[in-house]
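I have placed the structure first, in the form of structure tokens, so that the comments after it can refer back to it.
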Amino acid sequence: MADSIYVPRLARLADIRPMTELEKLFVVEFPDGSSLGHQPGQFVMLSIPGVGEAPISISSSPSRSNGQFELCIRRMGDVTGVLHRMRPGDVVGIRGPFGHGFPIEQMRGKDVLFAPGGLGLAPLRSLINQVLDERGSFGRVIILYGAKRPAELLFRDELEAWAARDDVEFHVTVDRGDETWTGNIGVITTLFPKITVDPLNTVAVTCGPPIMYRFVLMEMLSKGIPETQIYLSLERRMKCGVGKCGHCQINHLYCCREGPVFTYAQIKNVPEAL
Amino acid sequence: MRLWVLPKEQVVDMVCRLMADYRVWGPQAKGPQFAFEPLPDPTAIRLDYNISILSPKVALQPPQERIAVFHLDGGFTVEPVIDAEPTVIFGIHTCDLHALALLDKAFSADFPDAHYLERRQQTLLVSLECLQPCDEHSFCKSMGTWTADSGYDLHLMDLGDAYGVSVGTAAGEALLTQYAQARPATDTEAQQLHEARDAKRLRFPNRLNFDAAELPSLLATAYDHPIWAELGDRCLSCGACTNVCPTCYCFNVIDSPELSLKEAVRWRRWDSCQLDEFARVASGENFREARAARQRHRMFRKGKWLYERFGELGCVGCGRCIRACLTHINIVDTFNAIHASQHRR
Ligand SMILES: Cc1cc2nc3c(=O)[nH]c(=O)nc-3n(C[C@H](O)[C@H](O)[C@H](O)COP(=O)(O)OP(=O)(O)OC[C@H]3O[C@@H](n4cnc5c(N)ncnc54)[C@H](O)[C@@H]3O)c2cc1C
Ligand code: SF4
Ligand code: SF4
Ligand code: FES
């Protein structure tokens, strides 16, 4: 019988790590030990039988695959709600990897500026860790991360490790602090004055809620970074992941195929994109 | 191209023989209208139909279909459901034939869709040349779909007492020789066929006030046209226009458990870009919230975006969306209005 592009492969939840009130990290593996074979920025469609499917970015770096991959998932609704109640050893369905990710080859030799907001760190972490694993082939690595509250910061141990490295310029801010928070307070754009960049030699990458990336893009552009060197990953409703169902269309572009990663140059004249 | 002649009284006979080996879809009376459905018996076929409520697309992309089954016992296993059987679609008007060619491209491009394509591979298309426009809403001549030179296995054309039959493929020829008592056309009959085709030219009006080939470039200048707000004010977001459209193929994927709880089914259902939630994501953000934006999206898909992707316009001029719309939203009037305003400026 012919293969169907809508039928997932079975995969096992090897480990589940709580991260915040709303997010958990799911470590996933295929029973036959095969690797997902993804690029940073790509996504999978994750199925829970009888409940549904959701597009989820791959959060781990291909350079650390070990026959496993990681998904950082916020509890939002039906699929993610059931997933958050699952236990290690439980089985889910995986289709993909789908979409176009970040073109890492074009980033080599350049300075890389990452500016994720909130859950936008999930897809960017894949690229950040690959860049750090091949640290020698990139210029400066700058990470600006913003979250709403300290309790919503994701991957805290990794944030600390990045902050401790002297080959990473790391700044983090929260919109609202709490009694333990001694760091920056303010939206992510307040971090931009803290850095200087060599614009023509810099690649900038962002992902987050629309209200956040609209302002972040303006900051990146005002630093003089060329439109073709600014990448962002977009979220749209997705039902097929393979360019058929029409849900993810951004005017003429299919977010699931041409995206989810686009350059600013690609979408600046696409009204529904921004 | 070989031409054959099939006496009209033998059509039912041919359908009858076909039904022994194929599921045969054809136009049938449904109250005062016509519907494309599997024929319950050969005499139900109505080749004199004007237009079917839904297009023959229903035979290849059904409104709802199972695409996978999950077996839930402890863990789970999953298998595809590919529901295809030898099928003949009999009596397809040429507008709908052109629409199927577009669906073929959409479902085979990039990631081939086995559910559609397996069905398509087992399906033979018998089309039918219209000698009159269906009604005042069809604009197939403007869209270049009012006749067809390819895309069919067999193509029928009314010659009075008989159908002239053009053979499009070897499979079509086999169908004709095995299931029908057709005979090769004489030179006079071939001449008659060409003349009938020429004569119909005058009966079909051009409803678009410009060449349809200009649509993509026309729309390129019309993204912010005030007409979208007008249409948005009128539209009820019922989705009737997309349901009846032969080239609309957007779908939803829905998983639901069976009552036994031993199985769950992955369904594919027709969906509509006119519905409010079509582009809404889980966080509540709706990327096409305004009805005006959704109407624009539909018309841009038809007149520009599908063309850019597949080399064919996404509208075949069948007029179904116009007939179906309770608030008289009319794609021809819309395109004409845009053309008129751009040429006044
Ligand atoms: C490319 C991409 C990458 C993403 N990466 C991540 C990530 O790394 N981490 C993360 O947490 N999230 C990510 N998301 C967001 C994630 O996909 C959504 O949060 C998820 O789909 C929510 O699914 P749900 O079923 O839990 O929520 P729900 O709100 O129940 O459903 C999600 C969507 O499906 C619709 N829906 C619900 N029920 C039905 C139904 N019965 N029939 C039809 N439609 C229905 C809803 O309207 C909603 O738009 C990503 C999204 C995209 C597009
Ligand atoms: S049929 Fe008419 S009212 Fe209904 S969604 Fe289409 S344009 Fe709107
Ligand atoms: S847009 Fe309207 S006229 Fe054009 S093919 Fe679809 S239903 Fe027919
Ligand atoms: S998710 Fe279906 S077309 Fe992109």
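Other chains near B:253-263: what is the mean number of their Cβ atoms within 10 Å of each residue's Cβ?
Mean shielding count: 3.
Only bridges with both residues in the protein assembly as shown count here: give the DSSP antiparallel percent, nearest 5.
Percentage antiparallel, nearest 5: 65.
Taking the Cα centre of each part, how many Å lie between region A:83-134 and region A:235-274?
For region A:83-134 versus region A:235-274, the Cα centre distance is 18 Å.
Hey, with R₀ at 60 Å, roughly what FRET efficiency would B:Glu79 and B:Arg344 work out to, going by the Cβ-Cβ distance, to 0.05?
0.50
What does the average come to when, for each residue of peptide B:74-82, you count the partner chain Cβ atoms lying within 10 Å of its Cβ?
Per residue, the number of nearby Cβ atoms from other chains is 5 on average.
Compute the label zone of A:Glu158 within region A:208-223: residues whose backbone N is under 16 Å from the point 7 Å along Cα-to-Cβ.
A:208
Among rounded, prolate and oblate, which fits chain B when a ≥ b ≥ c are the square roots of the eigenvalues of its C-alpha gyration tensor, a/c under 1.5 means rounded, and a/b larger than b/c means prolate?
Note, shape of chain B comes out oblate.
Please compare each pair in B:Lys141/B:Lys302; B:Lys200/B:Lys302; B:Lys57/B:Lys302; A:Lys110/A:Lys239; A:Lys24/A:Lys110 to a cut-off of 24 Å on the Cα-Cα distance and tell me which ones are over it.
B:Lys200/B:Lys302; A:Lys110/A:Lys239; A:Lys24/A:Lys110
If you rank A:Arg108, B:Arg320 by fewest surrounding Cβ atoms within 10 Å, what's the result?
Lowest to highest Cβ neighbour count: A:Arg108, B:Arg320.
Can you check what the Kirkwood hydrodynamic radius comes to for region B:29-149, Cα pairs only, in Å to one decimal?
Across region B:29-149, the inverse of the average 1/r is 16.3 Å.
R0 = 45 Å: FRET efficiency of B:Ala44 with B:Leu202, Cβ-based, nearest 0.05?
For R0 = 45 Å, the calculated efficiency reads 0.85.
When you have a sec, figure out the Kirkwood radius of region A:109-228 from all distinct Cα pair distances and drop it here in Å to one decimal?
14.4
Measure nothing fancy, just the Cα-based angle from helix A:121-133's long axis to the longest principal axis of chain A, in degrees from 0 to 90, nearest 10.
70
Which angle between 0 and 90 degrees, to the nearest 10, do you get for helix A:210-222 versus the longest principal axis of chain A when only C-alpha atoms count?
40
Return the long-range amide H neighbours of B:Ser127 (sequence gap of 5 or more, or a different chain), with a cut-off of under 5 Å between placed amide H atoms.
Result for B:Ser127 returns B:Gly91, B:Ile92, B:Asp153, B:Leu154, B:His155, B:Leu156.
Considering only chain B, what is the antiparallel percent among its DSSP beta bridges, to the nearest 5?
Antiparallel: roughly 75 percent of the beta bridges in chain B.
Of all the stretches in chain A, which is the longest one without any exposed loop site, taking GluC sites (Glu not before Pro) in a DSSP loop (any state but H, G, I, E, B) with at most 16 other Cβ atoms within 10 Å?
So the longest stretch without any such site is A:22-133.
For chain B, what is the calculated [θ] at 222 nm in deg cm²/dmol (nearest 500), taking -39500 (n - 2.57) for each run of four or more DSSP H residues and dividing by its residue count?
-9500 deg cm²/dmol
Taking square-rooted eigenvalues a ≥ b ≥ c of the alpha carbon gyration tensor, is region B:118-182 rounded, prolate or oblate, where a/c under 1.5 means rounded and, failing that, a/b exceeding b/c means prolate?
Oblate shape, in that a/c is at least 1.5 and b/c is the bigger or equal ratio.
With a ≥ b ≥ c taken as the square roots of the eigenvalues of the C-alpha gyration tensor of region A:234-274, please select rounded if a/c is under 1.5 and otherwise prolate if a/b is larger than b/c or oblate if it is not?
Judged from the Cα gyration tensor, region A:234-274 comes out prolate (a/c at least 1.5, a/b above b/c).
Determine, for A:Lys244, B:Lys105, B:Lys262, the number of other Cβ atoms within 10 Å of each Cβ, and report the residues in order from fewest to most.
Result, fewest neighbours first: B:Lys262, B:Lys105, A:Lys244.
All of the numbers you see were taken from the coordinates with simple rules; none came from a lab. Everything quoted here is computed from the prediction, not taken from an experiment. Note: ideal-geometry Cβ built from the backbone for every residue, glycine included; neighbour counts use all protein chains shown.
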